[in-house]
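Below is one structure, written out as structure tokens; the observations come after it.
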Amino acid sequence: MAFDRARVQDVEVAGHTALVRVDFNVPLAGGEVTDDTRIRAALPTIQLLLDRGAAVILASHLGRPDGSPDPALSLDPVARRLAELLGRSVAFCPEATGEEAVRMADALEPGEVMLLENLRFDPGETANDPAFARALASLADLYVDDAFGAVHRAHASTEGVPGLLPSSGGLLLQEEVERLSVVADDPERPLIVVLGGAKVSDKIGLISRFLEIADEILIGGAMCFPFFRAQGIETGDSLVEEEGISLAADLLASAEAPDTRAELVLPVDIAAGESFDAGAERVELDSDSVPEGMLGLDIGEKTAADYAVRIDGAGTVFWNGPMGAFELPGFSLGTRIVADAVASTDGLTVVGGGDSVAALVEFGLTDSIDWVSTGGGASLELLEGIPLPGIEALDGG
Ligand code: ADP
Ligand code: MG
């Protein structure tokens, strides 16, 4: 699917003030940005607007402050990091809307940048409050959405504001849509989808969709346990999402239907430990022999080797969700082997999901992946074929 909404590069922006929704939801520690990937990803759109003579007002959320100010979630450190990356000063506005925001927006000249305080300090953001959207929109005369990670949310800054101003999609948003769409719409075969993480319920729609369009779906993470339980296989003390068991049973039935395209592949072995603990010892077991008192914390070595071979032969790979509790040193192996295979296959590779991307960063493999999505939930909903409110709200192309 090509991006079918208005594109920022086609908009006359000189002399205008653009409100740009970005995804600066970055990790902070000790008042510093610890991973600036998402800030870097927004630079091309910001630079394009500045080069073309617009004044730029940036707006983002950070974390979940629940509608009231929380100094630990201020975007102030992000303004400082952005200034370093842009090589120019970035004015920080200590509120998202209000008198100070209006005053600073009015004073902003073409070629200048300011960043508003965390949108979610105001309850109007997540409530999609029309008054909050109007207050944001009043700061600018154009709206650009470059926050792919937030387009699946119908919030004031993603859905309200584009209804009030001429609106377009930024360069990152366009590229995310185009790169992810290739996976679902026009993949080189075979299309191998690798899914892990904690809960099957998070990814049920995605699995259903990929049963129709993928060639193989490789399951890892704690997500495999509801599938085993649905097959009557005991899983010891492994993390099992109870509501996931019936969902998994339905998916297993769909996978067996004669017109289903994809093969649903479950682990043949599991690495188990006695507790979810950094010191837990790794024990390799067959999938059907995790005893009481032990919990599955990673795919086993045989499964990891099998998944690596399958990934190596892929035309296209989409990966979401770690294969195990990769935060625990003894249980990162499966995720590591799969990540290495994704990084080295000749197929087109696309990775989405906060924790999967964190694993890639930790392993130093991001440069070997064709497209690392900045959107977790948004990338999954797009692939699932769900209309994304932040994209639907933009002007037509
Ligand atoms: P992503 O953010 O990439 O979409 P998820 O959020 O769905 O991934 O899942 C990541 C989480 O799943 C990690 O915190 C990891 O510890 C957890 N996880 C994966 N496998 C297991 C397991 N076998 N037991 C417990 N937790 C697991
Ligand atoms: Mg996650």
Restricting to Cα pairs under 8 Å and 6 or more apart, the percent relative contact order of the chain works out to 17
Yeah, the stretch 8-172 with a ≥ b ≥ c from its alpha-carbon gyration tensor (a/c under 1.5 is rounded, else prolate when a/b outruns b/c, oblate otherwise) is rounded
Can you list residues whose amide H is under 5 Å from R5's amide H, if they're 5+ apart or on another chain and H is modeled 1.01 Å from N?
G397
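Restricting to DSSP loop positions (anything but H, G, I, E, B) with no more than 12 other Cβ atoms inside 10 Å of their own Cβ, which GluC sites (Glu not before Pro) remain in the stretch 273-307?
When the GluC sites (Glu not before Pro) of the stretch 273-307 are filtered for loop state and at most 12 Cβ neighbours within 10 Å, E281, E292 remain.
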Using 0.36 nm times the number of residues separating D106 and A253, minus their current alpha carbon distance, what extension gain do you get?
46.9 nm
Charges at C-beta only: +1 for Lys and Arg, -1 for Asp and Glu. How large is the resulting dipole of the chain about its Cα centre, in Debye rounded to 20?
800
Are there GluC sites (Glu not before Pro) in the stretch 1-98 that DSSP puts in a loop and that have at most 14 other Cβ atoms within 10 Å, and which ones?
E12
Ranked by GNM mean-square fluctuation in the chain (Cα springs under 10 Å), the top entry among H16, H155, H61 is H16
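Using the Cα gyration tensor of the stretch 179-384, with a ≥ b ≥ c the square roots of its eigenvalues, what is the shape: rounded (a/c below 1.5), prolate (a/b larger than b/c) or oblate (neither)?
It comes out oblate by the Cα gyration axes.
Dividing the alpha-carbon Rg of the stretch 1-78 by 2.2 N^0.38 Å yields what?
Details: Rg = 14.8 Å, N = 78, 2.2 N^0.38 = 11.5 Å.
Compactness ratio reported: 1.29.
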Between K302 and D367, Cβ-based FRET efficiency (R0 25 Å, step 0.05) works out to 0.30
Taking all pairs of different Cα atoms in the chain, averaging 1/r and flipping that mean, what Kirkwood radius in angstroms comes out?
22.1
Pull up the DSSP beta bridges for the stretch 8-172 and report the antiparallel fraction as a percent, rounded to 5.
10
Of all DSSP beta bridges located in the chain, what percent are antiparallel, nearest 5?
20
When the dipole is taken about the Cα centre of the stretch 283-372, and only Lys, Arg (+1) and Asp, Glu (-1) are charged at their Cβ, what size is it in debye, to the nearest 20?
160
Give the shape of the stretch 139-180 as rounded, prolate or oblate, defined through the alpha-carbon gyration tensor: a ≥ b ≥ c are the square roots of its eigenvalues, a/c under 1.5 means rounded, and otherwise the shape is prolate if a/b is larger than b/c and oblate if not.
oblate
How much length is gained on full extension from S344 to V283, taking 0.36 nm per residue of separation minus their Cα-Cα distance?
19.2 nm
Scan around E263 for amide H atoms under 5 Å from its own, H built in the peptide plane at 1.01 Å from N, and keep only partners 5 or more places away or cross-chain.
E216, I217
Just subtract the alpha-carbon distance of A358 and R88 from 0.36 nm times their residue separation and send over the number in nm, one decimal.
94.3 nm
What are the ³J(HN,Hα) couplings of the stretch 152-167, residue after residue, when phi is run through the Karplus curve with 6.51, -1.76, 1.60 and θ = phi - 60°? Round to Hz, x for glycine and proline.
7, 9, 8, 9, 4, 7, 9, 10, x, 4, x, x, 10, 10, x, 10
Starting with the highest mean, order 341-351, 176-186 by the number of other Cβ atoms within 10 Å, averaged over the residues of each peptide.
341-351, 176-186
Dipole of the stretch 8-172, Cα-centred, from +1 at each Lys and Arg C-beta and -1 at each Asp and Glu C-beta, to the nearest 20 debye?
260
With each pseudo-label sitting 7 Å past Cα toward Cβ, what's the Q9-E274 distance in nm, one decimal?
5.9
Long-range amide H contacts for G196: which residues qualify at under 5 Å (H placed 1.01 Å from N, peptide plane, sequence gap of 5 or more or a different chain)?
G220, N320, G321
Which of A359, A42, A83 moves most in a GNM of the chain, Cα contacts under 10 Å?
A83
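No lab work stands behind these numbers, since they all come straight from the coordinates. All figures in this text were calculated on a predicted structure; none of them were measured in a lab. We place every Cβ from the backbone using ideal geometry, glycine too, and count neighbours over all the protein chains shown.
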